[in-house]
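First comes the structure, then the notes that go with it.
Please treat every number below as a calculation from the coordinates, not as lab data. All values reported here derive from a predicted model rather than from experimental measurement. When we count neighbours, we look across all protein chains shown, and the Cβ atoms used for this are built from the backbone with ideal geometry, even at glycine.
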Amino acid sequence: MIALLKGIQGTPYSNYDTYHVQDWLTIQSQCNTDPLPTAPQPPATNMTALPGVTTSNPANVTCLSGNHYTVQSGDDVQKIAAAHGVATGTLNILNGIFPDGTNLFAGQELYVVVPHHLPTHKF
């Protein structure tokens, strides 16, 4: 059990935080262990700044289609994608929108790439 709790305290990927320090100290005391570290680890990621993900900003990205859309209150990715005839995945990727849409906000400027229909080839 001590090894498990030691692992939880020692990783930035757990939910161990300052609220757990006293519990961890109590467990160590009751189990008569040598003192172990109790400080929470800094988070491994900052969910507001994921590596390689940026929010839509026409100043820092080229929109090859030239088509933009300003998100309105009540919009969601599926609604916007359907209205413009594009795939939700494409809209998400081009604009750095999280899969669950939690970083989509009213007033945000999106790039919208209208799909081009390629000619079909008959063999």
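Tabulated data for the structure shown
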| read-out | value |
| --- | --- |
| Separation in nanometres of the label points that stand 7 Å from Cα toward Cβ, at Asn67 and Ala87 | 1.5 nm |
| Gyration tensor verdict on segment 1-44 (Cα atoms; rounded if a/c is under 1.5, prolate if a/b is larger than b/c, oblate otherwise) | prolate |
| Peptide ranges 34-42, 5-13 listed from the most packed, as the mean C-beta count within 10 angstrom indicates | 5-13, 34-42 |
| Estimated distance in nm for a label pair at Gln78 and Ala106, the labels positioned 7 Å out from Cα along Cα-to-Cβ | 2.1 nm |
| Summed side-chain charge close to Ile2 - residues other than Ile2 whose Cβ falls under 15 Å, Lys, Arg +1, Asp, Glu -1 | -1 |
